[in-house]
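I have placed the structure first, in the form of structure tokens, so that the comments after it can refer back to it.
What follows draws every value from the coordinates through simple rules; no lab data is involved. Predicted model, so just to flag it, every value in this text is computed and none were measured. Neighbour counts run over all protein chains shown; Cβ positions are idealised from the backbone, glycine included.
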Amino acid sequence: MIMPTAIETGLYVLVLGSVVGLEVIRRVPALLHTPLMALTNAIAGISLVGSLLLAGSDRGPLITTLGAVAVGASCINVVGGFLITDRMLRMFRPSGSAQSAGKAKADA
């Protein structure tokens, strides 16, 4: 029996995770997308930690370079996720005019 190499195993996990993740996200009701975004941001943070560990390891210049690229991509992913989540949450906040009108009534 031939044992799969690390690259074959990694590709298998990538494809399987992509298919399962896509199917899970497709079936989430619209009401639960905000908690799902928060979980996605947490996963992006975990990938940032993993890429930092990879970039800091002493496994050769290619691995260090790929780890540094992964750190950059993970940072962009984390920042973008928080910006999108903040934008989504702003849609549910009352407008500024309604808050100031309520404050004016309370002062009177």
What number goes with the only condition from (1) of a type in the set (A, V, I, L, M, F, W, C); (2) part of a helix (DSSP H, G or I); (3) over 30 Å from Leu89 (Cβ atoms) that Met3 does not pass? (2)
Please work out if Ile43 is within 19 Å of Gly81 (Cβ to Cβ), β-branched (Val, Ile, Thr), out of contact with any Asp or Glu (no Cβ under 7 Å at 6 or more places or on another chain) and outside any loop (DSSP other than H, G, I, E, B). yes
Restricting attention to the stretch 29-37, does a residue exist that is more than 24 Å from Phe92 (Cα to Cα) and part of a helix (DSSP H, G or I)? no
Of the residues in the stretch 57-89, those that are of a type in the set (Lys, Arg) and under 17 Å from Asn41 (Cβ atoms) come to Arg87
